[in-house]
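Here is the structure we will look at, set down as structure tokens.
Just so you know, all these numbers are worked out from the coordinates, no wet-lab data involved. Because the structure is predicted, anything quoted here is derived from the model rather than measured. Please note: Cβ atoms are built from the backbone with ideal geometry, for glycine as well, and neighbour counts cover all protein chains shown.
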Amino acid sequence: MSSENKLQPEKTFQVKTIGLIVNPVAGMGGAVGLKGTDGKAIVARARSLGAKPVAPVRAQAFLSELRPVKQSVRLVVGAGSMGEDEAKGSVFTYDVFGESKKETGAEDTVAIAKGMVDAGVALLVFCGGDGTARDILKAVGTSLPVLGVPTGVKMHSAVFAVNPQAAARVVVRFLYEGLPLREAEVMDVDEKAFRAGSVSAELYGYVLAPYEPHLIQVNKIASPMTASELRNHAAIGVYIIETMKPDVVYIIGPGTTTRTIGDLLDAKKTLLGVDLFFNKKLVAKDVNEKQIIEAIDGKSAQIIVTPIGGQGFIFGRGNQQISPAVIRRVGLDNIIVVATEGKLRRLRGLRVDTGDPDLDVAFRERKITVVADYQTEYTMGVE
């Protein structure tokens, strides 16, 4: 990351108040393959599978990046695990809103957000995913600027920064440099249908969010299923299959382009899950991080993923099962990205948000192979 994109130390501005709400269970379903954590039953299942909290770490990364303006920022945070815990370990002065609870839910997010409107915060920052964005929309509408720190499994909405560090930079530029606001879409999918392999995305409304095209992600854009696009999918699939090596575990991520590889192998690959192939046979479906690590132990492996349409993320959005631990075991040289020519034209570039800052930097320091058609490969950098 270049120095000009980082916050400069010891900047002092007029003191302004930021609201911070953390959804403590957001993102827990990712690595364990649950594709979300909406609802207490799914949260309980995630914990039973060994899921670890994601949101607190992401919130801490956001606050750490914001340290250079600590003298100019005051926080109003949700009680307990909804922001107070992270604020305690930071350098910021803060006030607490609400009551600390052992178990929290959407109603707590809504109540705290409404209270922050009354408190007159200049910007409301939340750590969560699309479900949390819906709760914020319900509470504040367009009465208050909001910004999402990406913490969930599914993040289709256009209210999120590309990562926690970018969120901190957006905050400073908005509060002190006059970054403009825009109406940002709040999107969400039906999680039950999502787990069954069906994407049913819905627009729930708009919030006002700071806009900086390099630091804010756009909403997810679905690829058009034209005849040309389908032929391109097939050509990519044929080429990948022809180049598959024997006795190598192929970790194949979600998406229509990657599913075509399974179709051409007469295998029912999941559309929204991560599946494992070995010697051109499907050997495990909809696996989680632990299952992947067990499957590649002592074996050569490669990862095949496709970027999120419009956003460009190859890791950190909807495929958290392919975790930093998995990526490090496989090696960055053994990653292949597949994307049709049409999808590539609609992307600004490739992005990663693995949750491991050092790994993200390693991605940005190299080029990634992108297969765009039969025997057609490009090398692309990662933003």
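Taking every DSSP beta bridge that has both residues in region 180-311, what percent is antiparallel when rounded to the nearest 5? The partial results should precede the final answer.
Values: 16 of 21 bridges.
Here the share of antiparallel DSSP bridges comes out near 75 percent.
For Gln311, nonlocal amide neighbours, meaning residues 5 or more places apart or on other chains whose placed amide H falls under 5 Å from its own, are Ile221. Between helix 55-65 and the chain, what is the angle of the helix's C-alpha long axis to the longest principal axis, kept within 0 to 90° and rounded to the nearest 10? Helix 55-65 and the main axis of the chain meet at about 70 degrees. Estimated from the Cβ-Cβ distance and a Förster radius of 25 angstrom, the FRET efficiency linking Leu230 and Arg348 is about 0.50. Over what distance in Å are the Cα centres of region 266-314 and region 320-354 separated? Value for the Cα centre distance between the two parts: 12 Å. The alpha carbon convex hull volume per residue for the chain rounds to 126 Å³.
Given the rule -39500 (n - 2.57) for each run of at least 4 DSSP H residues, summed and divided by the residues of the chain, what is its mean residue ellipticity at 222 nm, to the nearest 500 deg cm²/dmol? Write down the numbers at each step before the final one.
Numbers: 13 runs with 123 residues, N = 383.
Theoretical 222 nm ellipticity from helices: -9000 deg cm²/dmol.
Coupling constants for region 225-238 follow from the phi torsions by the Karplus curve (6.51 cos²θ - 1.76 cosθ + 1.60, θ = phi - 60°), and in residue order they are 8, 7, 4, 5, 5, 5, 5, 5, 4, 5, 5, 4, x, 4 Hz; glycine and proline get x. In the frame of its principal axes, region 227-381 has Cα extents of 39, 34, 23 Å, reported largest first. Counting only DSSP beta bridges with both residues in the chain, tell me the antiparallel percent, nearest 5. Around 40 percent antiparallel, to the nearest 5. Remark on region 3-210: hydrodynamic radius 17.0 angstrom, per the Kirkwood mean of 1/r across alpha carbon pairs.
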